[in-house]
Ligand SMILES: Nc1ncnc2c1ncn2[C@@H]1O[C@H](COP(=O)(O)OP(=O)(O)OP(=O)(O)O)[C@@H](O)[C@H]1O
Ligand SMILES: [Mg+2]
């Protein structure tokens, strides 16, 4: 069955979400984190999109937090893998195994005859039809009875309670681990959008590279992420004080363990280039927006969401560069899954959104 057929079945056979179809689920399948929410229960899974695999047998040993803790600490026989890259599936089998493990953890089926869940799952708006198909198939193979796709910025806007169905323009910038999605939404649909395969992970890489060149130290991906979250910022901090942090890694030349103190100004220098690329992408999308919607956006401001949007100072930096007010959502990490859940729970929103954002 094609995605389009499944959508029309879903919307025409609407009203089936009640009764014994109890464990229907919303999934934010992210490059960095996977979240699952269940109607009536809220968010039940919020774990890293990481899978630990035994290399010789390809057996899945752990998923989520447990697997992430194994990154760079695994013996040679095991590997800790990110099955999604840049917002889309990079390793189909591992992704399917991960979704399946999370679905089981979220709502284990007690009896084999129990109805499988219906699932609303997000995809980046830049995904190709092959990439969309892969997410759809992975959800079905992982145990969904039916799967329905929604574009990530639309879900994020709904999760953040933007007036998506109104005849006004709303702009969303969702900076995740793998992609920066920019979308203008009006009357329940995405009017214009862009998807840049650069987000939190590229910030981490930029920090690693900069510290290599500056201090001759090699650090792992988890250390780079911790640095970004603890002392990373794109503008000087509000209190006017800079931060520092002791980190450990390997000396570039001798490969011996090395400990150094790093300064927040150095981390900031590394973050300038990725942040400038994001500004360009947002400006390009804004340019293609019609003048009426553009004027709404200038009036209403831009919603900044996704974990990458939490980088210290990014809202002020974007406000300055774009000359439009940018506000960061208080629920930046959960808006997409909350929006997917709203789609599950609101028949009219569902009918309109799924059909228009496929
Ligand atoms: N306080 C913070 N400051 C800076 N970055 C942060 C902060 N908290 C989380 N992040 C970053 O946010 C990213 C994860 O965000 P999110 O969970 O929205 O991504 P995702 O949905 O998994 O990815 P994508 O949507 O690109 O597929 C990671 O790169 C993480 O390091
Ligand atoms: Mg995301």
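The values are calculated or read from the model by the stated rules, or taken from the named source; none is laboratory data. A quick note: this is a predicted structure, and the numbers were derived from the prediction, not measured. Neighbour counts are summed over all protein chains in view; Cβ atoms, including those assigned to glycine, are modelled from backbone coordinates with ideal geometry.
Would it be correct to say that residue 153 is closer than 23 Å to residue 63 by Cα and either touching a strand residue (DSSP E or B) at 6+ places or on another chain (Cβ under 7 Å) or modelled with pLDDT of 95 or more (or both)? The answer is no for residue 153.
Filtering the stretch 109-126 to residues that are more than 15 Å from ligand 1 (Cβ to nearest atom) and out of contact with any helix residue (DSSP H, G or I) (no Cβ under 6 Å at 6 or more places or on another chain) leaves 109, 110, 111, 112, 113, 114, 115, 116, 117, 118. Selection of the stretch 285-297 for residues being part of a helix (DSSP H, G or I) and under 25 Å from residue 199 (Cβ atoms) yields 285, 286, 287, 293, 294, 297. Within the stretch 229-237, the presence of at least one residue that is within 16 Å of ligand 1 (Cβ to nearest atom) and over 23 Å from residue 327 (Cβ atoms) is confirmed. Any residue at all in the stretch 93-108 that's in contact with a helix residue (DSSP H, G or I) (Cβ under 6 Å, 6 or more places away or on another chain), farther than 19 Å from residue 146 by Cα and within 16 Å of ligand 1 (Cβ to nearest atom)? Looking for residues that are in contact with a helix residue (DSSP H, G or I) (Cβ under 6 Å, 6 or more places away or on another chain), farther than 19 Å from residue 146 by Cα and within 16 Å of ligand 1 (Cβ to nearest atom), one finds none in the stretch 93-108, hence no. For the stretch 91-111, does any single residue satisfy the condition of being under 19 Å from the mean Cα position of the chain (by Cα), surrounded by 14 or more Cβ atoms within 10 Å (Cβ to Cβ) and either not assigned by TED's automatic domain parsing to the domain that holds residue 41 or not in a helix (DSSP H, G or I) (or both)? Yes, the stretch 91-111 contains at least one residue that is under 19 Å from the mean Cα position of the chain (by Cα), surrounded by 14 or more Cβ atoms within 10 Å (Cβ to Cβ) and either not assigned by TED's automatic domain parsing to the domain that holds residue 41 or not in a helix (DSSP H, G or I) (or both). The single condition among (1) surrounded by fewer than 16 Cβ atoms within 10 Å (Cβ to Cβ); (2) more than 29 Å from residue 91 (Cβ to Cβ) that residue 130 does not meet is (2).
If you go through the stretch 25-49 and pick out every residue that is surrounded by 24 or more Cβ atoms within 10 Å (Cβ to Cβ) and more than 15 Å from ligand 2 (Cβ to nearest atom), you end up with 1. A count restricted to the stretch 301-348 and to residues that are part of a strand (DSSP E or B), more than 18 Å from residue 124 (Cα to Cα), in contact (Cβ under 8 Å) with a residue 60 or more places away in the chain and within 16 Å of ligand 2 (Cβ to nearest atom) stands at 0. Name the residues in the stretch 56-81 that are in a loop (DSSP other than H, G, I, E, B), in contact with a strand residue (DSSP E or B) (Cβ under 8 Å, 6 or more places away or on another chain) and closer than 22 Å to residue 35 by Cβ, would you? Across the stretch 56-81, the qualifying residues are 64, 70, 71.
Quick one: is residue 162 assigned to a loop (DSSP other than H, G, I, E, B) and under 13 Å from the mean Cα position of the chain (by Cα)? Taking the combined requirement at face value, the residue does not satisfy it.
Within the stretch 143-151, the presence of at least one residue that is surrounded by 19 or more Cβ atoms within 10 Å (Cβ to Cβ) and either in a helix (DSSP H, G or I) or within 12 Å of ligand 1 (Cβ to nearest atom) (or both) is confirmed. Identify all residues within the stretch 155-172 that are buried (at least 24 other Cβ atoms within 10 Å of the Cβ) and out of contact with any helix residue (DSSP H, G or I) (no Cβ under 6 Å at 6 or more places or on another chain); write none if there are none. If the condition is that a residue be buried (at least 24 other Cβ atoms within 10 Å of the Cβ) and out of contact with any helix residue (DSSP H, G or I) (no Cβ under 6 Å at 6 or more places or on another chain), then 157 is the only one that fits.
Here residue 45 meets the list (1) part of a loop (DSSP other than H, G, I, E, B); (2) under 30 Å from residue 129 (Cα atoms) almost entirely, failing just condition (1).
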